[in-house]
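The next block holds one structure in the form of structure tokens; read it before the comments.
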Amino acid sequence: MSGFVVWFTGLPCAGKSTLAGRLGQALRECGVGAEVLDGDEVRGTLTRDLGFSREDRDENIRRIAWVAKVLARNGTVAITAAISPYRAARDQARREIGRFVEVYVKCPVETCMQRDVKGLYARALRGELPCFTGVSDPYEEPVHPEVTVETDRQTPDESLETILTYLERAGWLRSGAVAVHLPAYVVAHLRRAWGDGPLESQIVEVLLRHVTVADDPVGAEEREAIIGRLRGLGYLE
Ligand SMILES: Nc1ncnc2c1ncn2[C@@H]1O[C@H](COP(=O)(O)OP(=O)(O)O)[C@@H](O)[C@H]1O
Ligand SMILES: [Mg+2]
């Protein structure tokens, strides 16, 4: 599979790290190589020398974009989770990378302040942090992001589903979300048994039937919903 970059952007505490981690895990679980470049981790290593002036923030994004691009051209899905507050820097990353999906993690600043996962909003509001995005530094919203998730209205599961559905529908994950290489003799056997129809969708049907009558059966209604969704995504005829 060809790699690409999923670029998360949003205010502090909007949910970038949470969703980037969840997306990475979900992709790896279905056999897609994924690597998360989290802003905090990057700032502790690759961009340790940088501060929070506009110039330094832009340089932070340039370096993250470069690493993400290298990962992507090696077939990995590179997931970045940095505030990336300036539109021009994000657009530059998009141009530089090409295979680029921008995810706007949208959340009102009031909700972010309530979450205050690391206590930084409190410090910024006390005037202790002169360049804190959302309080004492600007955040420029994306104009045409490929995906927007509103984390004040969705659970992390729902936001993840929104992102995965986009990636599947837009064709980023289509050929390789689940790569199973069957031995030639198994394919030949299935061809004899099933004829010339599309093997993949028949295999998915059989697996579904198997899964849905196993120890933990999903109800008939849920089974129909799953089949409908797979059909909508083009996995089933
Ligand atoms: N839909 C959602 N998506 C992501 N995070 C959410 C969502 N709803 C609530 N949260 C919570 O918001 C917080 C976001 O923190 P974090 O992911 O560290 O933000 P960021 O990396 O953007 O600073 C977490 O505590 C997370 O559980
Ligand atoms: Mg984070």
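The values are calculated or read from the model by the stated rules, or taken from the named source; none is laboratory data. In this text the structure is predicted, and so the values were computed from the model without any measurement. Because the Cβ atoms are built from the backbone with ideal geometry, glycine has one as well, and the counts that use them run over all protein chains shown.
Looking for something within 11 Å of ligand 2 (Cβ to nearest atom), without any contact (Cβ under 8 Å) to a residue 40 or more places away in the chain and in the same structural domain as I163 (by TED's automatic domain parsing) - is there at least one such residue anywhere in the range 76-85? No, the range 76-85 contains no residue that is within 11 Å of ligand 2 (Cβ to nearest atom), without any contact (Cβ under 8 Å) to a residue 40 or more places away in the chain and in the same structural domain as I163 (by TED's automatic domain parsing). Would you mention how many residues in the range 16-55 are under 22 Å from the mean Cα position of the chain (by Cα), away from ligand 2 (no atom under 15 Å from the Cβ) and either not assigned by TED's automatic domain parsing to the domain that holds I79 or not in a loop (DSSP other than H, G, I, E, B) (or both)? Result for the range 16-55: 7.
Checked against the criterion of being surrounded by fewer than 23 Cβ atoms within 10 Å (Cβ to Cβ), touching a Gly at 6+ places or on another chain (Cβ under 7 Å) and either free of Cβ contacts under 8 Å to residues at least 40 places away in the same chain or among the β-branched types (V, I, T) (or both), the candidates V70, V101, V105, V109 yield just one match: V109. Taking the criterion of being assigned to a loop (DSSP other than H, G, I, E, B), under 17 Å from G51 (Cα atoms) and either of a type outside the set (S, T, Y) or modelled with pLDDT under 95 (or both), the residues of the range 128-152 that qualify are E128, L129, P130, C131, F132, G134, V135, P138.
Would it be correct to say that D58 is buried (at least 16 other Cβ atoms within 10 Å of the Cβ) and away from ligand 2 (no atom under 14 Å from the Cβ)? Yes, satisfied. Across the range 112-129, not a single residue is classified as touching a helix residue (DSSP H, G or I) at 6+ places or on another chain (Cβ under 8 Å), of a type in the set (S, T, N, Q) and surrounded by fewer than 21 Cβ atoms within 10 Å (Cβ to Cβ).
Kindly provide the set of residues from the range 1-15 that are out of contact with any Asp or Glu (no Cβ under 7 Å at 6 or more places or on another chain) and part of a loop (DSSP other than H, G, I, E, B), ordered by number. Outline the logic, then answer.
Within the range 1-15, the first condition is being out of contact with any Asp or Glu (no Cβ under 7 Å at 6 or more places or on another chain), and the residues that meet it are 1-6, 8, 10-12, 14-15.
Across the range 1-15, the qualifying residues are M1, S2, G3, G10, L11, P12, A14, G15.
Any residue at all in the range 81-93 that's among the small types (G, A, S), within 16 Å of ligand 1 (Cβ to nearest atom) and farther than 27 Å from L173 by Cα? No, the range 81-93 contains no residue that is among the small types (G, A, S), within 16 Å of ligand 1 (Cβ to nearest atom) and farther than 27 Å from L173 by Cα.
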